Amino acid sequence: MPLTASGEGVLKDDFRQHLARTCPEQELRRWFDPLDLSVSESDRSCRVRFPHAYFAAWFEASAKELFEKEVRQFLGPGYAVHYQNRTGGNGHAAAPLELPTAAADFPFGHRFTFDTFLANEKNHFPLALAREAAQDGEVRYNPFLVCGPPGSGKSHLLRAMANAAARLHPTKSVFFGSLADIQNRFADAGANRHEARAAIASSQWLFIDELTDLKRMPELEQELVVLFNAFHDAGKQMVFSSRERVGACDFFSPTLKSRLEWGLMVHLKAPDLDVRIASVETANREKRLGLARDQVVTLASRFDGFRQLEGVLLRIEAFRRHGGKELTEAEFNKHVRLSEDQALPELTPERILAVCAEHFSLAVADLVGQSRRKELVFARQAAMTLCRTLLGMSYPALGKVFGGKDHSTVLYSIRKFQKIQDDDRETKLLFRQLAKKCRQGAPS
């Protein structure tokens, strides 16, 4: 339920307390206290009045993005922010400013903004270009390709760009997803595949996270080329991310490679120690984890990527929230050790097959073979469903892994196993157990 107040002063005080959890007092005095605020539930608007035009210009450059993100968290979704000067030159009614009305929504996650993307000088250039590509009305870099190792912040940067685009254009005009999301759309569309393709192509912005997933979904490459041509010919912005540079992706066809090379490729470096320390300090402050300075440095030193850091911080947050006690040094070391134990190799179809073969006391060759023995068919269906669920593999790709079976056979097998799960609680628990084993690593 959105928070409202009968008087502007009460509303502003409440909002100030919300901001004080993450924003220093000195900053609040500088940019928040001079504002006049009012909220209308009837038209779901938040009106901001500035003391003068010079302050408005400074606010737009320095605080506007942070303010709108916090309004979204404080009021809830669906509000629009309107800006104006407090009074005219001679005390007349306030004149509207040039600052555009902004939706206070962050449809691709309120945590993902340019302001919350922590970077040092090493990643200053990619960040500056991403801002320009997302906020400039001119499509200058098309496509815009963000490369970098896992944990470098590629997904964060893409989501920040998508959120920035959604503030200037209707959310429905921004498509953000992975190749697995596109694949699922096509699977759901069935015979109406062209309609699903047309729906994506009707967007004004195309964001696709992790192009290297094409390695396990090669049948989507032609679809991607078709979408690329549609967006490029219409002069609409495309943004992609990739673990590898285009030249290193030998599984891309020459057609796709040449198109990706039309645009601008930037490379994110893995976060340095100072960036990782800043990330942990921010989480420590916002989530009230109570970490000492030496513990912050320990986490930043032991975990190289943002994803690993998020994992261990989430574990510590859960302990503080539900454990009901202080985080001792022994508990801290335990959470660090457990999180390091979870740094496992990448999950693959081969690992899933090995886990299932061990659990059902079968050979991997049996799982990918043609035998129709009842117990073997059930194990094969479980393995197919795990590959589909955990890896997002396409039906044709699954068919190749499981001995050259056709698309319809794989689809039938997965649907059959899913129906068994729906009807039988023990099968559902078994599936969860197998999924957990697969994520934890190879079988013992």
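Scanning the range 32-70 for residues being in a helix (DSSP H, G or I), open to solvent by 30 Å² or more (accessible area, probe 1.4 Å) and of a type in the set (A, V, I, L, M, F, W, C) gives a total of 5. The C-beta contact set for the range 4-24 (first residue within 12 Å of Phe74 (Cα to Cα), second residue modelled with pLDDT under 70 and of a type in the set (S, T, N, Q), distance under 8 angstrom, 6+ apart or interchain) comprises Leu11/Thr4. Just one residue in the set Phe240, Phe228 is part of a helix (DSSP H, G or I) and within 24 Å of Asn163 (Cβ to Cβ); that residue is Phe228. The condition (being of a type in the set (A, V, I, L, M, F, W, C) and either at pLDDT below 90 or touching a Leu at 6+ places or on another chain (Cβ under 6 Å) (or both)) is satisfied by just one residue among Ala198, Ala230: Ala198. When the range 72-85 is filtered for residues that are without any contact (Cβ under 8 Å) to a residue 40 or more places away in the chain, buried (at least 17 other Cβ atoms within 10 Å of the Cβ) and not in a strand (DSSP E or B), only Arg72 remains.
If the condition is being without any contact (Cβ under 8 Å) to a residue 60 or more places away in the chain and surrounded by 16 or more Cβ atoms within 10 Å (Cβ to Cβ), then the range 246-264 contributes Cys249, Phe252, Leu256. Within the range 265-284, is there a residue that is out of contact with any Cys (no Cβ under 6 Å at 6 or more places or on another chain), part of a loop (DSSP other than H, G, I, E, B), hydrophobic (A, V, I, L, M, F, W, C) and touching a residue at least 60 places away in the same chain (Cβ under 8 Å)? Yes: one or more hits.
The residues of the range 215-245 that are closer than 24 Å to Gly153 by Cβ and surrounded by fewer than 20 Cβ atoms within 10 Å (Cβ to Cβ), listed by number, are Lys215, Arg243, Glu244, Arg245.
What number of residues within the range 189-219 are under 14 Å from Gly392 (Cα atoms) and assigned to a helix (DSSP H, G or I)?
Initial filter on the range 189-219 (under 14 Å from Gly392 (Cα atoms)): 209-219.
Checking the rest, the ones that are also assigned to a helix (DSSP H, G or I) come to 211-215, 218-219.
Within the range 189-219, residues that are under 14 Å from Gly392 (Cα atoms) and assigned to a helix (DSSP H, G or I) number 7.
Condition first: under 10 Å from Val336 (Cα atoms) and touching a Gly at 6+ places or on another chain (Cβ under 6 Å). Now tell me which residues in the range 290-316 satisfy that. None; the set is empty. Which pairs turn up if I take residues in the range 148-159 that are within 20 Å of Ala300 (Cβ to Cβ) and look for partners that are of a type in the set (Val, Ile, Thr) and surrounded by fewer than 21 Cβ atoms within 10 Å (Cβ to Cβ) with beta carbon separation below 8 Å, at least 6 apart in sequence or on another chain? Listed by first residue and then by second, the contacts come to His156/Thr116.
The values are calculated or read from the model by the stated rules, or taken from the named source; none is laboratory data. Remember, predicted model here, so these are calculated numbers, not experimental data. Heads up, the Cβs are rebuilt from the backbone with ideal geometry, glycines too, and the neighbour counts pull from every protein chain shown. Accessible surface areas use protein heavy atoms only, side chains included; no ligands, DNA or RNA. Shrake-Rupley method; radii C 1.70, N 1.55, O 1.52, S 1.80 Å.
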